[in-house]
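Contents: one structure, followed by commentary.
The values are calculated or read from the model by the stated rules, or taken from the named source; none is laboratory data. Note that the structure is predicted; figures quoted are calculated from it, not measured. Using ideal geometry, Cβ is built from the backbone for each residue, glycine included, and neighbour counts are taken over all protein chains shown.
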Amino acid sequence: MRISDRRFALYLMAPAALFLAVFVAYPLFRLVADSLFKISPIAGAPRDFVGLDNYVRAFASEAFMGAGWRTLAYTFVVVALEFALGLGMALLFTALGRKSEVWRTVFLYPLMIAPIVAGLLWKFLMIDNFGLIGTLLHQAGILQNPNQIGWLSDPGIVLFSVAVPDIWLTTSFMCLVLFAGLQNIPGDLIEAARLDGAKAPTLLFSIILPLLRPVIAVALVVRGIDAARAFDTILIQTNGGPQSASETMSLLIYRTMIRFGDPGLASAMGTIYLLAMLGVAFFAVATIWRPGKDN
Amino acid sequence: MSTADTPINDRFAAEAVAYRPRHAGVVSAILATGTKTSGATAGAAPTGAMPAEPAMPTPAASGTGRPRRRNHHAEGLEAGKRTTRILLWIVLAAAMVLYGFPFLYLLFTSFKTPIDTIAVPPTILPKEWTLENYANALGRNGVLASFINSAQTAVISTLLSLVLAVPAAYGITRYKTPSGRVFIMAALVTRMVPPVAIGIPLASMMATAGLADTPIALSIAHTTISLPLSIWLMSSFFEAVPNDLEEAATVDGCSRLGALWRVVIPVVSGGIAVTAIFAFLASWNEFLFALLMTAIRSQTTPVVIANFQTQFGLDWGSMTALAAVYSIPVILLTLLLQRKIVAGMTLGAVKG
């Protein structure tokens, strides 16, 4: 007997759906459930139902609100710089045409590097005393002494320093996506604009960027969501310090859970963080992607 | 670079054509690349550089065939003037040096003597080249085991992702049922979940199941990351396969499952290779789940690298050596397979 197409499709999707239900949806359910309890970190200790108390504590805590703002600032800096650099490189590769293809490939290499390795590498470059960046800037006469800027030890700038490896790792991705978009801009259009006497800035702001809008939107959303979840690079560079100045949401939740042994509070923070991310995701999907309608 | 020999030039030209479907959205452009890739790989092995396609017209072929013009024949956004092009090449060279330097510095440092790695002021090149750091790093307890763990975890996770994602993506794209639409949205939303939010509950579930500190548990965790991406990638690849293909097969007496297995899967083998690479990389480079879910037995190399800085003080030399050993194979592998990866990466961005 032949089963209906609809049922056949369901059977094909069932294993993956089951997997995601068990290993993503259920842990999320556990997270939300845990957020309603006061939990002792000692295994087997009693759990007390406290209702929304953990949420009240989260919103009342300076660490949580601080981490929220830092996550926003971090995400903004990472995505903005990546976009500017990625667009610059994409335009450069486009202007040079297919002879730059080899270099376009080489330019992708940071994408294959583990974030943990990138974090370590940049920590090594920016670290006080034997960090190379301070030394090179000193030798170039820009800094009076190699340790003048405490890239990773000055609370005022550390949030931007820890963003560097993230930017370095994924500017290639931005470049790649924008490059693909640039290839679809009709050449006739550019030539026509050039014949009309359009200069480079006009070309960029009145023609290229508006035409790239959908691609830009997708690239920004994908990267924004990843940057807001950044963990590895920051943990390895500063562990959130000094004085929590580089503690973003992922780190705060991790530390609340593991170091400070408060799974209930950490779960509440995680739930709020998750809802914020999903809110952004839904908004982005509804306004930009509209999957299934792109044909 | 401008004097590249002809076969390579041809390959670039073919690629340039594939990248240049005019008046089309990104999605279709990339789908064109995807189709071409999968079509061409149907017969060949899914690895290695793509063969040049002689049938492909190469309208932009300059250099070898025609007499050289003073000004490069530019079209669209390509720079035309010779001086502009030279200037842009210089800018590109500077950008490549800056962008490539950090990793080169990591390599140079790994060949320094342990004392030189933290010399003040630091030097770029080693004063004395030595393999001491490599011997130290690889000789350390648990390091080689961590490589095996990393490889094991990544392979299991990749296979699991493919086994689950390929049929699911096929079900979504071929039958377009409402449940399929809901499912692909759900998969997309899964991509937004911060790993830190599910890491701890997942770890305790694995412990309950008796899988604590095993590569299986970690590869399941990694699959929660790679599965949604794999479903999205595979959906795009299936989307590019014409329906007639398996209709013809079913008319010839194939069952739907048989048509999928014998007709469709071979056609999308290129896409499966791309998806596999992404799933592998996601697991190979993952750190947070590995940190939460592994102890001694199943520790992967990223965790070992991170532990170097606490456990053994600041042993930068060994750390750079280990980081180099861990990164270079995947960099080489992916550079070799770059055409597929570029197609997949752009697809992934556009689709999920």
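Tabulated data
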quantity: Whichever residue in the stretch A:1-48 is among the aromatic types (F, W, Y) and over 26 Å from A:M277 (Cα atoms) and, among such residues, is modelled with the lowest pLDDT; calculated: A:F8
quantity: Matching residues in the stretch A:239-275 - criterion: being more than 28 Å from A:S40 (Cβ to Cβ) and at pLDDT 90 or above; calculated: A:A245, A:S246
quantity: All positions within the stretch B:110-123 that are in contact (Cβ under 8 Å) with a residue 12 or more places away in the chain and within 7 Å of chain A (Cβ to nearest Cβ); calculated: B:I118
quantity: Qualifying helices (runs of 4 or more DSSP H) (wholly inside the stretch A:35-145; at least 2 residues being of a type in the set (A, V, I, L, M) and within 14 Å of chain B (Cβ to nearest Cβ)); calculated: A:62-96, A:101-106, A:115-126, A:132-139
quantity: Test: residue in the stretch A:112-125 that is of a type in the set (V, I, T) and out of contact with any Asp or Glu (no Cβ under 8 Å at 6 or more places or on another chain); calculated: yes
quantity: Hits in the stretch A:252-280 (condition: more than 10 Å from chain B (Cβ to nearest Cβ), among the hydrophobic types (A, V, I, L, M, F, W, C), farther than 19 Å from A:A228 by Cα and not in a loop (DSSP other than H, G, I, E, B)); calculated: A:L265
quantity: Near pairs, Cβ below 7 angstrom, 6+ apart or cross-chain, from the stretch B:169-188 (within 7 Å of chain A (Cβ to nearest Cβ)) to any residue that is in a loop (DSSP other than H, G, I, E, B) and surrounded by fewer than 21 Cβ atoms within 10 Å (Cβ to Cβ); calculated: B:R181/A:G292; B:I184/A:P291; B:M185/A:P291; B:L188/A:P291
quantity: Qualifying positions in the stretch B:107-135 - within 24 Å of A:A118 (Cβ to Cβ), outside any loop (DSSP other than H, G, I, E, B) and of a type outside the set (D, E); calculated: B:L107, B:F108, B:T109, B:S110, B:P114, B:T117, B:N133, B:Y134
quantity: Output for the stretch B:195-218, where each listed residue is of a type in the set (A, V, I, L, M, F, W, C) and either free of Cβ contacts under 8 Å to residues at least 40 places away in the same chain or closer than 17 Å to B:I156 by Cβ (or both); calculated: B:A197, B:I198, B:L202, B:M205, B:M206, B:A207, B:A209, B:L211, B:A212, B:I216, B:A217, B:L218
quantity: Out of A:R213, A:R223, sole residue that is assigned to a helix (DSSP H, G or I), farther than 19 Å from B:L292 by Cβ, in contact (Cβ under 8 Å) with a residue 40 or more places away in the chain and of a type outside the set (A, V, I, L, M); calculated: A:R223
quantity: Of all residues in the stretch A:190-233 being of a type in the set (K, R) and more than 10 Å from chain B (Cβ to nearest Cβ), the one that is farthest from B:P195 (Cα to Cα); calculated: A:K199
quantity: Checking A:L31 against (1) surrounded by 12 or more Cβ atoms within 10 Å (Cβ to Cβ); (2) more than 7 Å from chain B (Cβ to nearest Cβ), the condition it does not meet; calculated: (2)
quantity: Residues satisfying the stated conditions in the stretch A:239-251, i.e. polar (S, T, N, Q) and within 12 Å of another protein chain (Cβ to nearest Cβ); calculated: A:N239, A:T248, A:S250
quantity: Test result for A:I149, among the aliphatic types (A, V, I, L, M) and without any contact (Cβ under 8 Å) to a residue 24 or more places away in the chain; calculated: yes
quantity: Subset tally (residues that are of a type in the set (A, V, I, L, M, F, W, C), over 34 Å from the mean Cα position of the chain (by Cα) and closer than 15 Å to A:I133 by Cβ) for the stretch B:119-138; calculated: 1
quantity: Odd one out for A:G150, checked against (1) more than 12 Å from chain B (Cβ to nearest Cβ); (2) in contact with a Lys or Arg (Cβ under 6 Å, 6 or more places away or on another chain); calculated: (2)
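Conditions tested, residue by residue: (1) surrounded by 24 or more Cβ atoms within 10 Å (Cβ to Cβ); (2) out of contact with any Asp or Glu (no Cβ under 7 Å at 6 or more places or on another chain); (3) within 30 Å of B:R174 (Cα to Cα); (4) not assigned by TED's automatic domain parsing to the domain that holds B:L104.
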{"position": "B:V241", "(1), (2), (3), (4)": "no, yes, yes, yes"}
{"position": "B:G258", "(1), (2), (3), (4)": "no, yes, yes, yes"}
{"position": "B:V263", "(1), (2), (3), (4)": "no, no, yes, yes"}
{"position": "B:S269", "(1), (2), (3), (4)": "no, yes, yes, yes"}
{"position": "B:T275", "(1), (2), (3), (4)": "yes, yes, yes, yes"}
{"position": "B:N285", "(1), (2), (3), (4)": "yes, yes, no, yes"}
{"position": "B:L314", "(1), (2), (3), (4)": "no, yes, no, yes"}
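Matching residues to (1) in contact with a helix residue (DSSP H, G or I) (Cβ under 8 Å, 6 or more places away or on another chain); (2) in contact (Cβ under 8 Å) with a residue 24 or more places away in the chain; (3) assigned to a loop (DSSP other than H, G, I, E, B):
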| residue | (1), (2), (3) |
| --- | --- |
| B:T223 | yes, yes, no |
| B:L229 | yes, yes, no |
| B:S236 | yes, yes, no |
| B:A249 | yes, no, no |
| B:W261 | no, no, no |
| B:P302 | yes, yes, no |
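Yes or no, residue by residue, for (1) buried (at least 17 other Cβ atoms within 10 Å of the Cβ); (2) of a type in the set (G, A, S); (3) modelled with pLDDT of 90 or more; (4) outside the structural domain of B:L245 (by TED's automatic domain parsing):
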position	(1), (2), (3), (4)
B:L125	no, no, no, yes
B:E128	no, no, no, yes
B:F147	yes, no, yes, no
B:S161	yes, yes, yes, no
B:V166	yes, no, yes, no
B:T177	yes, no, no, no
B:P201	yes, no, no, no
